[in-house]
Structures are given as structure tokens and as C-alpha cells.
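Inspection log for the structure reproduced underneath, given as C-alpha cells.
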Amino acid sequence: MSPLAGLRVLTLEQFGAGPYGSMALADLGAEVIKIESPAAGGDASRHVGPHMLGPDDSQYFQTFNLNKKSVTLDLKTPLGGDAFRRLVATADAVVNNLRGDQPDKLGLTYDALKAVNPRIVCLHISAYGRDNERRGWPGYDYLMQAEAGIMSVTGEPDGAPTRLGLSMIDFMTGITGAVGLLAAILRARTSGIGADVDTCLFDVALHQLSYPATWYLNEGDVPARMARSAHLSAVPVQTFETADGWLFIMCMTDKFFNALVGAMNRPDLASDPRFSTMKARRANRGFLTQELDAEFAKAGTQVWLSRLNGLLPVAPVFDIPQAFANPFVERIGMVTRVPHPQRPDLRCLASPLRIDGERPQASACSALGADTESVLREIGLGADEIAALRAGAAA
């Protein structure tokens, strides 16, 4: 049995953070029902190109919405709002990733819904939070990387401030919200009382500064961008160019450094007082990099991997085509086929979780509004009521 089987989650979500977090719940067996506005054409990411899957679907959208149902309701209409509240009475949670001032306006808070369902948990994922002067501000991942200082430590020292190549703040915020949501649901199942759970992109971005933030707050230590993606304190932890490509080496301990120079047949580097301890290597980072650069240039990437794999943390630096050509990816099953009406052989990334040794199976998210009638009938709406919703453009 899927771990979250029997859990019903209603979502009002778009783009990355909310959908990524709720997809993790859907992967684990929760029934995740996307409540989408019929007037707006549903989740805006349904229309994000360039790779479309019909008029209201795209590969971008499916990336973040596998295993979900779709119900169209306009919460701003009396009929749509009433149908939504009837759904809430059957649900465990309501998730939104709207602007911080919207949940109160749309009646998505615990206070607004507790009379319908006192155990309901309401997760709010916003840009800046719901309780401060920025609650009405729109915001996206890249802005958070900029303001939280992440761009200041990303990229080469002599280059412009650089964002991460993917929207990792969105994804981390979604997972953070999912963890908080599950914790509050567990409490609600014993106490009978739900809650509001809040997280936001800005808070999560700042939290990702982790130990450099602790160093700065306590010691005034200001981290800088490091050449070749090097670690701030552990050496050698960085990229190295081989005769035909690049490697990433991570000697986080003396043991791994000794293994590296042993595989290079350079034991003199381990006994050199400039490099014999982590502190010494940090102080002489440039000199050590020159020595290692000369050694790595003597052979190709695969030769070095054959010498180093299993001895110390090492990886080839791949582009995306190389990453998916890696036979290890196929062996572990991280790519799965998700049949889609417009693309029967659609391939997507599999869940990174395994339950009892098996990755959760994936299915495409329903077409816009495809589950509206079946879900509304399940909660007791009759044919006339559903017809009225449709006639009033509320569903």
C-alpha cells in the first residue's frame, strides 16, 4: 500500500514550488486534486512552451504534476465557492502557492475553513510570507537567489553574480512545505484540530545559506565565490580538467586526499608540509591546485575514474545529454515512461524515493477539468448542480 493512500489534498497552485511539493505527496499515494480556474485556463504552466502536449498541456506542466487529478472550479463565484467548501469537508489538506495576500481574500485559511472541516490543514507557499509588508508582492525563485545572497557565492570570482542553473529554491520550498503539511496532518489526526502551515521562497532561500550564514552571523566571515566551484574550507574540493574533459574531486578528509595522491603515484604531496593537513592545504590552495592540474592533464576522464572510483568521492562533469547517456541512470530506473494521450511514449524523471525497494509508479496529470464531474458526484453533487456550475462558468 502506498504510504499516503487515503490522504486527500486539494491544491490551488501554479508553476514550480507548490506543484513540486504536492507531486511528492501524489507520488506517495495521496489523492492530489488540482483546483483550476476554468476562466484562466487552469495552472499557467499548462501553457508554458516550447514543448506542448495539446492546447492546455505541456511537458513543463507534466514535469511538476504527475499523478494528480484536475477539477475546474471558480472559487470567486458563489456556486464554485460552495462546491469547493463541500470538497474541503472531505479533504485532509488545502495547498496554495498564491501571493501572500490572496489566501485571506479567497477563504483558503484555517479560520475560513474550520467550520467546514475542523481537521483541515492549510499550507500556504508564498513569495515573502503572509504576515509582513511584502505579503502582496509577487516573487519568483531567481529573485530570492539574488536577495538572499546565493548569487554572490555562485559562479567564478571574476564573473558576474550567477544564479543556480535550475529553480532549486522553488523545489526546496515545495518539499519544505510538504514536510510541514504532513506534520500538521499527523497532529490533526490525534487532536482533531487543523492548522495553517506557512513557508515562503525568501525564508527557504535564506535558510539555504546554511553554514556560511552561521559563520557570518557569529564571526563576520564573508564567503566569496570560489574558482572552479571550490569548497570554502575543504581542499581539494573542486573541478579539475583532464586530458579530455572535467572531473569533480571531493577530498573532504585527509583519508581521501591520501587516496588521491596515492592513485596519482604522488605520495610526496601527502608528506609535503604545505599539504599534509586540511589547514595547510587551505592555506596553500593555489600551489596544490597547480600540482594536481599537472597530474590530471596526463590522462582522460575515464582513465581517472577507473583509478579513483570507490577510493574517494569523484564524478565526471557531464552536460545533460551525457548525464542521460550514463548507463547508471538506466540501471537505477530514474527515467520512466508516462503514457500521455498526446505522447504515448512520454518520458519523465522517476520519483527519487523508493518504498520497499520500489519507485512509485507515475501517471500523467489529468487533462484540464477531466475529473470535475466524477469528483463532484462523489461528494454528493447531482447532475443538476453540476450543470448549473457549468452554465455559470463556475466549473
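Sort out which residues of region 360-395 are out of contact with any strand residue (DSSP E or B) (no Cβ under 8 Å at 6 or more places or on another chain) and among the acidic types (D, E), and write them in order of number. Selection gives E373, E378, D384, E385. Here is a check on your reading of the model: is G180 touching a Phe, Trp or Tyr at 6+ places or on another chain (Cβ under 7 Å) and small (G, A, S)? So G180 does not fit the description; no. Filter region 111-140 down to residues that are among the charged types (D, E, K, R) and buried (at least 16 other Cβ atoms within 10 Å of the Cβ) and give me whichever is farthest from S191 (Cα to Cα). Top of the filtered list is R134. Report yes if Q302 is touching a Gly at 6+ places or on another chain (Cβ under 6 Å) and open to solvent by 70 Å² or more (accessible area, probe 1.4 Å), otherwise no. So Q302 fails the test. When R8, R46, R86 are checked against the criterion of being at pLDDT 95 or above and either open to solvent by 50 Å² or more (accessible area, probe 1.4 Å) or in contact with a Pro (Cβ under 6 Å, 6 or more places away or on another chain) (or both), R86 stands alone in meeting it.
When restricted to residues that are in a loop (DSSP other than H, G, I, E, B) and either free of Cβ contacts under 8 Å to residues at least 24 places away in the same chain or on the phi > 0 side of the Ramachandran plot (or both), region 2-47 contains 6.
Of the candidates L73, L98, the single residue that is open to solvent by less than 30 Å² (accessible area, probe 1.4 Å) and within 27 Å of R8 (Cβ to Cβ) is L73. Within this structure, E133 fails the test of being out of contact with any Pro (no Cβ under 8 Å at 6 or more places or on another chain), closer than 30 Å to A195 by Cβ and touching a residue at least 24 places away in the same chain (Cβ under 8 Å). If you check Y60, Y20 for being of a type outside the set (A, V, I, L, M), over 23 Å from V121 (Cα atoms) and open to solvent by 10 Å² or more (accessible area, probe 1.4 Å), only one passes: Y60. When you look at L108, is it surrounded by 17 or more Cβ atoms within 10 Å (Cβ to Cβ) and under 24 Å from the mean Cα position of the chain (by Cα), yes or no? Taking the combined requirement at face value, the residue satisfies it.
The values are calculated or read from the model by the stated rules, or taken from the named source; none is laboratory data. Keep in mind it's a predicted model, so treat the numbers as computed, not measured. All Cβ positions, glycine included, derive from the backbone under ideal geometry; neighbour counts span all protein chains shown. For accessibility, only protein heavy atoms count, side chains too; no ligands or nucleic acids. Shrake-Rupley method; radii C 1.70, N 1.55, O 1.52, S 1.80 Å.
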